[in-house]
Amino acid sequence: MTTSFSSLPIVDLSVLSSSSPCASEIKRLSTQLYDVFATTGFAYLTNAPLSSSHEDVFQLASDFFRMTEASKMQLAKKTFVKGNNNTYRGYFPPQLGQKDNLKEGFEVGPSNTPVQTHSRSKQKFNLAESNVWPEEDAFPNGKARLEQLHTELQSLSSTLVSLLAISLGKQADFFSGYLSNSLSTLRLLHYPLQPSAVERGADEVKLCCTPHTDSGILTLLHQDTTGGLEVLNSSNEWIPAPYVPGSIVINIGDLLANVSGGRFVATMHRVRTNGGGSSSADGMGRFSVPFFFEPGEDCIVRSIDGGESVVYGEHVRRKMGTFVEFQDMPEESVNWGAATTIAVEA
């Protein structure tokens, strides 16, 4: 159950860099992760075994979002460009309207396209489609760098869920079936600078990402120094989750909360606009790079206590109905040039 926490705990992953960690260290880390997800649902991870630094990750994001509007729109999902074939992977622009989506993003899945075990021809979104990529001269070495980051985050996530399996009294390989044809998604996100409340003449909190829980197993988030992420505690207070140097923010999604039989909690979170505050070093606004660790589309997920099961593909499709970037929007609500203008001016 979520508690009335006032800050997020920090979990040191140094032991995972050891070639032969001792059993007691693994047990300690497993217990610590259990305590985090049973009370807060969020934490900072430090000393993660990744080859890319934070600077590397956000340089990737900056390089992508500084591309021309035309280059990015070539990668846009079919929702935004009817002539494009990609429906699930690719680019989405900021959308303005009844349900504002004040961010732009680029989504990639595994480098090896997941296998489809049966026809999805009648589905609007092809969850197992191949990635789409910019031209090499527009995003130099970007494909290789993103594929490497995706692979390393997938490996780290696999290790973390094995530790969670142990903490739940299961064998370390309890979640191994979830890794077959995994649909894990790596997202580059850019939140352009927005007017402050004073400039808007308003007192209300302005959000660029509305309150939600994540749909999958785990989320690993690289966030920059801009700030804006907030997490809801049991006292109904929004607790800031500012950048901690060298850390990755981790939280669990709806599926893992259900699999744990309610022992773990998927915590509500949101992102405030950065208008009137600090911005990323290059003046473009806020960057974040979340990795959503997800099972295969046909994976059958059930609680460790038994009960009803759910097919992951069906679960995530229902959840997608609540996400603005997967909803059809009137053409006038798509702010095609906003991000490009900011990138050019930066």
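Within region 4-25, does at least one residue satisfy the condition of being of a type in the set (A, V, I, L, M, F, W, C), farther than 30 Å from V259 by Cβ and in contact with a helix residue (DSSP H, G or I) (Cβ under 6 Å, 6 or more places away or on another chain)? Within region 4-25 (the criterion being of a type in the set (A, V, I, L, M, F, W, C), farther than 30 Å from V259 by Cβ and in contact with a helix residue (DSSP H, G or I) (Cβ under 6 Å, 6 or more places away or on another chain)), the answer is no, since none of the residues qualifies. Every residue in region 15-63 that is within 23 Å of the chain's Cα centre (by Cα) and of a type in the set (S, T, Y), please. The answer is S30, Y34, T39, T40, Y44, T46, S51, S52, S53, S62.
Please verify whether region 161-183 includes one or more residues that are among the polar types (S, T, N, Q), within 30 Å of R302 (Cβ to Cβ), buried (at least 17 other Cβ atoms within 10 Å of the Cβ) and at pLDDT below 95. Scanning region 161-183, I find at least one residue that is among the polar types (S, T, N, Q), within 30 Å of R302 (Cβ to Cβ), buried (at least 17 other Cβ atoms within 10 Å of the Cβ) and at pLDDT below 95, so the answer is yes. Candidates are the residues of region 259-278 that are among the polar types (S, T, N, Q) and buried (at least 20 other Cβ atoms within 10 Å of the Cβ); the one that is modelled with the lowest pLDDT is N274. Taking the criterion of being more than 23 Å from T219 (Cα to Cα) and in contact with an Asp or Glu (Cβ under 7 Å, 6 or more places away or on another chain), the only residue of region 131-153 that qualifies is F139. Taking each residue of region 44-73 that is closer than 12 Å to A138 by Cα and looking for partners that are polar (S, T, N, Q) with beta-carbon atoms closer than 8 Å, six or more apart or interchain, yields T68/T340; E69/T340; K72/T340. Of the numbered criteria (1) within 18 Å of the chain's Cα centre (by Cα); (2) modelled with pLDDT of 80 or more, the one C209 fails is (2).
Going through (1) at pLDDT 90 or above; (2) touching a Lys or Arg at 6+ places or on another chain (Cβ under 8 Å) one by one, P94 falls short only on (1).
Scanning region 69-80 finds one or more residues that are in a loop (DSSP other than H, G, I, E, B), at pLDDT 95 or above and under 26 Å from C208 (Cβ atoms). Looking only at residues in region 24-38 that are without any contact (Cβ under 8 Å) to a residue 40 or more places away in the chain and over 19 Å from S158 (Cβ atoms), the one that is surrounded by the fewest Cβ atoms within 10 Å (Cβ to Cβ) is S24.
For region 121-158, filtering for residues that are part of a helix (DSSP H, G or I) and under 18 Å from the mean Cα position of the chain (by Cα) leaves 14.
Taking each residue of region 211-225 that is closer than 13 Å to L183 by Cα and looking for partners that are among the acidic types (D, E) and surrounded by fewer than 24 Cβ atoms within 10 Å (Cβ to Cβ) with beta-carbon atoms closer than 6 Å, six or more apart or interchain, yields S215/D254. Applying a threshold of 6 Å to beta carbon distances and a minimum spacing of six or more residues, or different chains, the list of pairs starting in region 154-176 at a residue that is farther than 15 Å from L218 by Cβ and ending at one that is hydrophobic (A, V, I, L, M, F, W, C) and buried (at least 17 other Cβ atoms within 10 Å of the Cβ) reads A172/A165; A172/I166. If you go through region 216-260 and keep only what is more than 17 Å from L50 (Cα to Cα), of a type in the set (V, I, T) and part of a strand (DSSP E or B), you end up with V231, I239, I252.
Taken over region 29-68, the criterion of being more than 19 Å from S167 (Cβ to Cβ) and part of a helix (DSSP H, G or I) is satisfied by H54, E55, D56, V57, F58, Q59, L60, A61, S62, D63, F64, F65.
The values are calculated or read from the model by the stated rules, or taken from the named source; none is laboratory data. The structure displayed is predicted, hence computed values, not measured ones. As a convention, Cβ positions derive from the backbone with ideal geometry for all residues, glycine included, and neighbour counts pool all protein chains shown.
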